[in-house]
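Notes follow once the structure below has been shown.
FYI, it's all coordinate maths here, none of it is from the lab. Please read these numbers as outputs of a predicted model, since none were measured by experiment. Using ideal geometry, Cβ is built from the backbone for each residue, glycine included, and neighbour counts are taken over all protein chains shown.
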Amino acid sequence: MTRILCLSAILAAGLVSAPATWAGSLQGPQAVSSQPSPEVEALTAKIRTAMAEAIAANEGKDSAQVELAVAAAIEDVIAASGAAPEVVQAALRLAMAREQCRLLDDQRWNHVGCEGLNRVASAVDLAIRGPEATGNPGGIATPGTPPPPGTDGRGPDYRRGN
């Protein structure tokens, strides 16, 4: 959970400088472009490599541990990339498409690693859409934003001094 919060904070930094035109337009699932940009292609390749390496390194472990390792590896790649949030989102969607990840009728993913990949993609989508996506008044704090009224400034979204 801490890693997801860290990833959300990294994406928030990108959202602060991102144009409002794309931030408000990413409300639902989007089709993967037939011609992704070179930046999206490069990040997708890194994500898929990290996924494969995490699966191989955790072979024989409980499936939940493997999925957590996949999610952690993907988060590390994203954090190291410094890519804009829309590039990250597109790369994750493209990776899911190229891995042919599908949720089966019994609510299992069709192969190992897809749950971890989906976990990160869902976190990125929520981070981009902001607190309105969950109805939560919290969300990712914008640097320099004071804490909400009635709080003492503690919590994952707001630290003293912001």
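Computed values, structure above
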{"quantity": "Residue count, the stretch 76-102 (criterion: free of Cβ contacts under 8 Å to residues at least 24 places away in the same chain and over 18 Å from ILE55 (Cβ atoms))", "calculated": "2"}
{"quantity": "Every residue from the stretch 51-110 that is polar (S, T, N, Q), surrounded by 13 or more Cβ atoms within 10 Å (Cβ to Cβ) and assigned to a loop (DSSP other than H, G, I, E, B)", "calculated": "ASN58"}
